[in-house]
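Quick notes on the structure that follows.
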Amino acid sequence: MEETRTLDRLAAGRRAVVAELTAPEDQRRRLQELGFVPGGRVEVVQESPWGDPVAYAVCGAVIALRRSDARQILVAAD
């Protein structure tokens, strides 16, 4: 099994596959609606100058997430 890490630890320009969402049910549903679903690909597009939020490309859209939200998404190397 490939090593997983949280999405907030992925460097800009890197790609990964969503492995699991560890957020509470209501937050998990919101993240899934945004496209962060297990098996989906995600790429770190850009970090803000202050480091939060971070822009991620997922399902053909660019979504900005706070690092605290990204910490609840486990990803594996693409």
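Can you give the helix-only mean residue ellipticity at 222 nm for the chain, where every DSSP H stretch with n ≥ 4 adds -39500 (n - 2.57) and the sum goes over all residues, rounded to the nearest 500 deg cm²/dmol? Before the final figure, lay out each step's value.
Numbers: 2 runs with 14 residues, N = 78.
Counting only the DSSP helices, I get -4500 deg cm²/dmol.
Are there GluC sites (Glu not before Pro) in the range 1-69 that DSSP puts in a loop and that have at most 14 other Cβ atoms within 10 Å, and which ones? Before the final figure, lay out the partial values.
Values: sites: 2, 3, 20, 25, 33, 43, 47; in loops: 2, 3.
Those that pass, being in a loop and sparsely packed, are 2, 3.
Are there trypsin sites (Lys or Arg not before Pro) in the range 29-78 that DSSP puts in a loop and that have at most 15 other Cβ atoms within 10 Å, and which ones?
Values: sites: 29, 30, 41, 66, 67, 71; in loops: 66, 71.
Passing sites in the range 29-78 are 66, 71.
Given the Cα-Cα distance of residue 12 and residue 29 and 0.36 nm per residue of separation, how much length would full extension add, in nm? Each step should come with its number before you reach the end.
Details: separation 17, 0.36 × 17 = 6.12 nm, distance 2.53 nm.
Going from the current span to full extension adds 3.6 nm.
What is the calculated FRET efficiency for residue 59 to residue 3, with r their C-beta to C-beta distance and R₀ = 22 Å, to the nearest 0.05?
Details: r = 24 Å, r/R0 = 1.09.
Taking R0 as 22 Å, the efficiency between residue 59 and residue 3 is 0.35.
Residue 40's amide H: which non-local residues (gap 5+, or another chain) put their own amide H closer than 5 Å, with H modeled 1.01 Å from N in plane and none for Pro or chain starts?
Those lying under 5 Å, H to H, from residue 40 are 18.
With a probe of 1.4 Å, find how much accessible area the chain has per residue, and write the answer as a whole number in Å².
Details: 4840 Å² over 78 residues.
Solvent-accessible surface per residue comes out at 62 Å².
If I compute Rg/Rh (Cα atoms, Kirkwood Rh) from the structure I just sent, which labelled value in (i) 0.92; (ii) 1.17; (iii) 1.20 lines up?
Only one listed value fits the structure, namely (i).
The values are calculated or read from the model by the stated rules, or taken from the named source; none is laboratory data. Computed from a predicted model, the values in this text were never measured in an experiment. So basically every Cβ, Gly included, is an ideal-geometry build from the backbone, and we count neighbours across all protein chains shown. Note: areas computed on protein heavy atoms with side chains; ligands, DNA, RNA excluded. Shrake-Rupley method; radii C 1.70, N 1.55, O 1.52, S 1.80 Å.
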